[in-house]
Amino acid sequence: MTDAFIYDHVRSPRGKGRKDGALHEITPISLASQVLAALRDRSGLDTALVDDVVLGCVSPIGEQGADIARVAALHAGYDESVPGKQVNRFCASGLEAVNAVAATVMSGQSQLAVAGGVESMSRVPIGADGGAWPIDPAVAFPHHFVPQGISADLIATLDGYTREQVDAYAVESQRRAAEAWKDGRFARSIAPIRDVVGEVVLDRDEYMRPGTSMNDLAALKPAFVVPGEQGGFDTVALQKYPQVEAIRHVHTAGNSSGIVDGAAAVLVGSKKAGRRMRLQPRARIRAFASIGSEPTIMLTGPAAASRKALKLARMTTSDIDLWEINEAFAAVVLRYMRDMELPADKVNVNGGAIAMGHPLGATGAIVLGTLLDEMERRDLSTGLVTLCIGAGMGTATIIERV
Amino acid sequence: MSNTIRFDVDADGIATLTIDIPGKSMNVITPEFQGDLASAVERIATDAGVKAAVITSAKRDFMAGADLKDLVTAYDRGIGAAEAARFSSELNKLYRKLETCGKPVVAAMNGLALGGGLELALACHYRVLADAPKVVVGLPEVKVGLLPGAGGTQRLSRLIGIANALPLMAEGKHVKPAEARKLGIVDEIVPPEQVIERARAWLATSPEPVAPWDRKGFKVPGGVGQQNPGIAQTFMVGTALAAKATWRNYPAPLAIMSAVYEGCQLPFDRGLAVESKYFGKLLSGPVARNLMRTLFVNKGLADSLARRPEGVPKVRVSRLGILGAGMMGAGIAYVSAQAGIDVVLLDTSLEAAEKGKGYSKKLLAKGVERGKVTQEQADALLAKIRTTTDYADLAGCELVVEAVFEQRDVKAGVTARAEAVIGKDTVFASNTSTLPITGLAQASKRPRQFIGIHFFSPVDKMPLVEIIMGKKTSPEALARALDFVGQLRKTPIVVDSPDLAKSS
């Protein structure tokens, strides 16, 4: 089997996913194209050598529809011989794209590919693509569909995480993210996003609230009380988890991932492709895995996905130096650390989506890049990145510096 | 052709179809009616002398739904879902033929229209509804575990939008004329005597005989399917609320949602077919059969006091003794006074007895406030409840109900004290929910007159009353208890000791 290596990665800064967000005027195709162009330009990439461009996108309709990957490659000025494919593994789409291209490299079916993702949540709102799972009564009913926030609150209820615990986690995420930015740890990966006249509209993560305190967070109302109590979803969750007496709603806008716009791209190739490009590989993709898990609690997949990837890599948790788990909700991270028995100082060391936001289709590629940059900065060898996923799934990838 | 519809054509070529199901006080859909309607529709469509039609009723009301008597047996006949679906699609096709007959048809709804009756009106091109106090329209099929299988899920959704139509069907709510007009279920509400006249007036405007959904470019108000965020939300939350409301035991609300969700994304006739299939799944299942059997067949039997022993003369309870003015005693006092019975409400202190009477005061004050009863009626009702601590006041009672603490010695004590004063024919009843009647009757000197009459809380809201026989309870006591429950217009179920069918 051929090894697949990461040669480079870039990402856009994350803009607030609202009408006053800096990236709101940037179309998703422009956002994706600018990131693809930045990856090409900084690597001096001959795009005619690229076998595929695979981008994750979770709401692939409207402006993000019609295979945004192929059109973004064309629009970025990639050679017309480069095909494109949009993939959707919900919140892990960006990482799934990397794993998918890595698999083709490993199997010898391609030499070089770009993987990443894009989501302009301010322009194509979450859920805009509908879907049988949440909406079709004949499907939602038997599968006990509940919105993710209810699932996160269910995890907190089952595990006994208090509001203080989840808020404390969020405060720490903000603190770490602010420190990382101050220290310039994201500088290398950021591709500033420009408007139609070429001016930079955003060059740093816009969503952060450095200095957020426990008091600030305590003032926020739980976000999922209304759908839980008035929308009936608490009961649906309890029908699946009869051992729970009532859902305790602890998640707020302050301890859940932020809604943002963003895009990311990762250059993956064989050793041979690297030599041809005269690029040094930065890390080897050792193993990856995706799994399905119970869909009502939905967000507990990362541990099983991580264990599966570790097994494939013939590794154990003690072999991993640094961890990234997407901060979809604070309870997801707390459950993961408890489940995997991880110390907090090895997990999400530069903050995460609670502080900086979660541009659905792009996040998997972003957190992979964040992990690699930090492994280099700390001169660590191995890292594992994982995300929880809608409908009960998990994806994980293990990388090793070379 | 049988005789369920009178077909008259006037000089202007306007046919009047007057529905009058023989031997019924309310028009219901019977096989004969379906046959007659098919002939009538055929004649409207093909007779050149008929230019338009008015559909109305000879009864006080317009029409109710299907005759449940025909549906309740389907499951036990071993009907399959596909066969049950054909039952619905036959009526669907007939109504559809009416709707597409090429001539304007107006429903002159002279009174209440429910279920298949409203569905018939929905298949007309225009609806005029009598605006009178007792008139309602609705699709209550869900209450018997079914769905509106004569086009209701498809027409109502397309007429008033999914968000408005779904709750009406999923909860089986009916609405009054003003609300029906506001929602757009009917086109006009008019005084009852003008219904026909207004229906004809609409025909005089030379209307196009085409349903909105058969016009080019028709869009369901408020949208359909996935791509409309509001509608997506309606289904998302609606499904969760159905799971909550039914605790996953009743399939009909979900089937209604699926029929609407899937059907409204289809061409109209395909939508009707999907509706029929979901109807077939429900009719062929046990839940609809059980609901129809319990709520109509068996409840009807129970309400008619089917278990009452023959040959026992009917006795009206005119004076009722109640021992214990706690929550249950207070509730029994209220419903009994409401039924015109003089109540003696006894407790250990006058204060406690008055507190029990206070329950009636509170309910009546609320009723006066809401305009449901007049102050005079409230006062008269309260005057029927006499509070006391004196057992001698029980004299003259045809029935005494004890609702004291659930403790054998306490119950035995009040039984003895009451029996010391009441007449030899007076029946003594225990409202116990936990203690076997035969055992309690051991404290009685006259166990033949001892019976259980078990109310549920809150008494004024719960329609069911258990009557529990002790080993020695006489047919006369049973008859008395049943007569009493009948007076209260509640539903008695007779249980043989020592079991209670249902414990509060």
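In terms of other Cβ atoms within 10 Å, B:Val186, A:Val171 run from fewest to most in the order A:Val171, B:Val186.
Per-residue shielding of A:229-236, expressed as the average number of other chain Cβ atoms within 10 Å of the residue Cβ, stands at 5. Counted residue by residue at 0.36 nm each, then reduced by the alpha carbon distance between them, the extension gain from B:Ala11 to B:Glu179 reaches 56.9 nm. Between B:Ser2 and A:Thr162, the simple label model (points 7 Å from Cα in the Cβ direction) yields a spacing of 7.3 nm. When you restrict to C-alpha pairs under 8 Å that are six or more residues apart and normalise by the size of chain A, the relative contact order lands at 28 percent.
Pairs exceeding a 18 Å alpha-carbon distance, out of B:Lys173/B:Lys490; B:Lys424/B:Lys445; B:Lys176/B:Lys219; B:Lys357/B:Lys384; B:Lys361/B:Lys384; B:Lys59/B:Lys134: B:Lys173/B:Lys490; B:Lys176/B:Lys219. For the range B:365-376, the Karplus equation 6.51 cos²θ - 1.76 cosθ + 1.60, evaluated at θ = phi - 60°, returns couplings of 4, 5, x, 5, 4, 8, x, 7, 9, 7, 4, 5 Hz by residue, with Gly and Pro reported as x. Here, the range B:256-303 has an Rg and a Dmax of 14.7, 46 Å when only alpha carbons are counted.
What residue among A:Ile297, A:Ile155, A:Ile135 shows peak mean-square fluctuation when chain A is described by a Gaussian network model with Cα springs under 10 Å? With Cα springs under 10 Å in chain A, the top fluctuation among A:Ile297, A:Ile155, A:Ile135 is at A:Ile135. Rounded to the nearest 10 degrees, the angle from helix A:163-182 to the longest Cα principal axis of chain A is 20 degrees. Residues whose amide H lies under 5 Å from that of A:Arg194, counting only those 5 or more places away or on a different chain, are A:Val201; hydrogens are built 1.01 Å from N in the peptide plane.
Rounded to whole numbers, the Karplus 3J(HN,Hα) couplings from phi for the range A:208-223 are 4, 10, x, x, 4, 10, 4, 5, 4, 6, 5, 6, 7, 7, x, 7 Hz, using 6.51 cos²θ - 1.76 cosθ + 1.60 with θ = phi - 60°, and x at Gly and Pro. By the count of other C-beta atoms within 10 Å, a proxy for reagent exposure, B:Met257, B:Met169 are ordered fewest to most as B:Met169, B:Met257.
Only Cα pairs under 8 Å and 6+ residues apart enter the sum, and on that basis the relative contact order of chain B stands at 11 percent. Percent of Cα pairs in the range B:1-117 per distance bin of 10 Å, from zero to the largest separation: 13, 43, 32, 10, 2, 0. In degrees, nearest 10, range 0 to 90: what is the angle between the Cα axis of helix B:408-419 and the longest Cα principal axis of chain B? Once rounded, one gets 80 degrees. Along each principal axis, taking the top coordinate minus the bottom one, the Cα set of chain B gives 83, 46, 44 Å in descending order. Dividing the summed helix terms, -39500 (n - 2.57) for each DSSP H run of n ≥ 4, by the number of residues in chain A produces a 222 nm estimate of -10500 deg cm²/dmol to the nearest 500. Spatial offset of the range B:327-395 relative to the range B:211-227 amounts to 56 Å, using the alpha carbon center of each. Distance between the modelled labels on A:Asp195 and A:Lys19, one decimal in nanometres: 1.8 nm (7 Å Cα→Cβ projection).
The Rg/Rh ratio of the range B:5-295, with Rg taken over Cα atoms and Rh as the Kirkwood radius over Cα pairs, comes to 0.95. Shape summary of chain A, radius of gyration then Dmax from alpha carbon positions: 19.8, 61 Å.
List the residues, sorted by chain then number, that are 5 or more residues from B:Glu402 or on another chain and whose placed amide H is less than 5 Å from its amide H. When sequence neighbours closer than 5 places are left aside, the close amide H contacts are B:Leu323, B:Ala429, B:Ser430, B:Asn431. Phi-derived couplings, Karplus 6.51 cos²θ - 1.76 cosθ + 1.60 at θ = phi - 60°, listed residue by residue for the range B:47-63: 7, 5, x, 9, 9, 6, 9, 10, 10, 9, 10, 8, 7, 5, 10, 6, 5 Hz, with x used for Gly and Pro. Dividing the convex hull volume of the alpha carbon atoms of the range B:267-371 by its residue count gives 214 Å³ per residue. Other residues within the sphere of radius under 14 Å centred on the Cβ of A:Asp41, judged by their own Cβ, net out at +1 (K and R +1, D and E -1). For the protein assembly as shown, the calculated P(r), taken from all Cα-Cα distances in 20 Å bins from zero up to the bin holding the longest distance, is 13, 30, 29, 22, 7, 0 percent.
Values in this text are rule-based calculations from the coordinates and carry no lab data. Owing to the predicted nature of the structure, the values given are computational and were not obtained by experimental measurement. Note: ideal-geometry Cβ built from the backbone for every residue, glycine included; neighbour counts use all protein chains shown.
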